[in-house]
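Notes for the one structure printed next.
What follows is calculated from the coordinates using simple rules that are stated; it is not laboratory data. None of these values were measured; they are calculated from a predicted model. So basically every Cβ, Gly included, is an ideal-geometry build from the backbone, and we count neighbours across all protein chains shown.
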Amino acid sequence: MMIKVKIKFLLKRTLFVGTLQCFVFTGLSQEKMVLNLEQAKKHAVEYNRDLQKAGISIEEAQESLWQTVSKGLPQIDATVDYSNYLGFDMQFGGQSIAFNPTSNAKVTLSQLIFSGSYWVGIDMAKIAKNIAEKNVVKTELDVKENVTNSYYSILLAIQTQNILKQNLESMREIHRRTEDMVKMEMLEKTNAEQIRIQVLNLEALIHSINRNITMGYNMLRLQLGVSPDVEIELLGNVDSEIGESSIRELYNRSEQNFSVENNISFQMLKSQEELQLKQISMDKMAYLPTISGFYSYTYKLKKPAFDMSPANVIGFQANIPIFSSFNRRSKLRQSKIQLKSLQKDIEQIEDQLSIQEKQLRFNLMNAYEQFNIQQENVKVSKLVFENASSKHEYGLISALDLTTAHSNYLQAENSLITAKNDLLKAQTELCKLLEIL
């Protein structure tokens, strides 16, 4: 009876961060990129397309602000017209008055004098720009988190592959020795066959992990904003990122310095609340009149026979809202209801962030404790497997006992890799919450 080893691939949980969308790769053309984690995050901040799009939204918000401001600045328009009455004449007092063709060139200067909506609109445009800037910060944190998770996942997958390769060489050697013992009739042929199947399983696992590593690099290329033909080499060792002192420091830093008010998600909701308050002011301003002034100058390019219209005209115009069948009232009430809903969201995220911070600290310490346990588990399982290998070599135990010990050792190694991944993920999530990625 053969025990089948099941290796859980970490890439399934961490490489596919977010939804993979269709992109056209237009990144930098390089033969090879050699990156540590900080360099990878820095490169992603500069070239990641989601982050670039968030930056473009700031430019759009700036142009929207200027568009709003420009509505209150002087406006100048020019028109040219030509009219031909096709020989029409009018009888007046027994005389015939002909309507000759006319042509005018007119320049009009208009200026907004009073509009409550105008000034509120400027404030709303400024707040919208501020929200766009905060969205860039939030997107940058998301990008750094995704790059960090992909970086660690690839290194952990490579570490898993190396462990399996070492085990494969060991099992191949055991299989070779077992076949020699079968030839000498010291063991039955089924012993060698059981170990051979174990070797085949290890080879299949290595090939599968290798394909997942390739897939992980492709995801990382997408996050870095580089073309798919760019070769990437990752520097560093995940084990160096795990240390009791650094974990304790992060735990204490979160416990002492975390503030909901400083969280970017909370700040964005507060800005949206401010924007909604301005929307209520905008709706109130709809009850007030809008006053504007104008000056126009008309030059007669082709004068009519009889013309008494002046060339210079100055005037004022007031648009006074009187009755809108309660449309303005309903719109104002709707804005107030939306504000109440938004304020409930703010209360909810405030509670959620407080709970999340505590939960992430607990997750960090639990993950670290589990990591220490799995380290000890690997040591014990490895010793058991090595003892089983020695006993099998002298025919003291069966191939089933040997493969069972080997399966237990592989499961222990896999559990340790999983514990490392959970610990690194817990660190990353807490760092993101504290905005120190």
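In the range 246-287, which residues are of a type outside the set (S, T, N, Q), in contact (Cβ under 8 Å) with a residue 60 or more places away in the chain and not in a helix (DSSP H, G or I)? Once the filter is applied, which keeps residues that are of a type outside the set (S, T, N, Q), in contact (Cβ under 8 Å) with a residue 60 or more places away in the chain and not in a helix (DSSP H, G or I), the range 246-287 yields 258, 286. For the range 283-298, state whether one or more residues are under 16 Å from residue 124 (Cα atoms) and not charged (D, E, K, R). Checked the range 283-298: at least one residue is under 16 Å from residue 124 (Cα atoms) and not charged (D, E, K, R). Among the residues making up the range 68-82, those that are in contact (Cβ under 8 Å) with a residue 24 or more places away in the chain, surrounded by fewer than 15 Cβ atoms within 10 Å (Cβ to Cβ) and within 19 Å of residue 129 (Cα to Cα) are 69, 71.
Here residue 187 meets the list (1) of a type in the set (A, V, I, L, M); (2) in a helix (DSSP H, G or I); (3) farther than 26 Å from residue 363 by Cα almost entirely, failing just condition (2).
Scanning the range 355-390 for residues that are among the acidic types (Asp, Glu), surrounded by 12 or more Cβ atoms within 10 Å (Cβ to Cβ) and over 26 Å from residue 432 (Cβ atoms) yields a single hit, 386.
For beta carbons closer than 6 Å, sequence separation of 6+ or different chains, a first residue in the range 196-209 that is within 13 Å of residue 162 (Cα to Cα) and a second that is outside any helix (DSSP H, G or I), the qualifying pairs are 205/7.
Residue selection: residue 65 satisfies the criterion of being assigned to a helix (DSSP H, G or I), touching a helix residue (DSSP H, G or I) at 6+ places or on another chain (Cβ under 6 Å) and over 30 Å from residue 33 (Cα atoms).
Scanning the range 226-245 for residues that are within 21 Å of residue 428 (Cα to Cα), touching a residue at least 60 places away in the same chain (Cβ under 8 Å) and of a type in the set (Gly, Ala, Ser) turns up just one, 236. Checking 323, 306 one by one, the residue that is among the aromatic types (Phe, Trp, Tyr), in a loop (DSSP other than H, G, I, E, B) and farther than 30 Å from residue 109 by Cβ is 323 and no other. Cβ separations smaller than 8 Å between residues 6+ apart or across chains give the following pairs from the range 333-354 residues that are surrounded by 13 or more Cβ atoms within 10 Å (Cβ to Cβ) to residues that are of a type in the set (Lys, Arg): 346/270. Scanning the range 391-404 for residues that are surrounded by 22 or more Cβ atoms within 10 Å (Cβ to Cβ) and hydrophobic (A, V, I, L, M, F, W, C) gives 399, 402. When the residues of the range 205-244 are filtered to those that are among the aliphatic types (A, V, I, L, M) and part of a loop (DSSP other than H, G, I, E, B), the one that is nearest to residue 154 (Cα to Cα) is 235.
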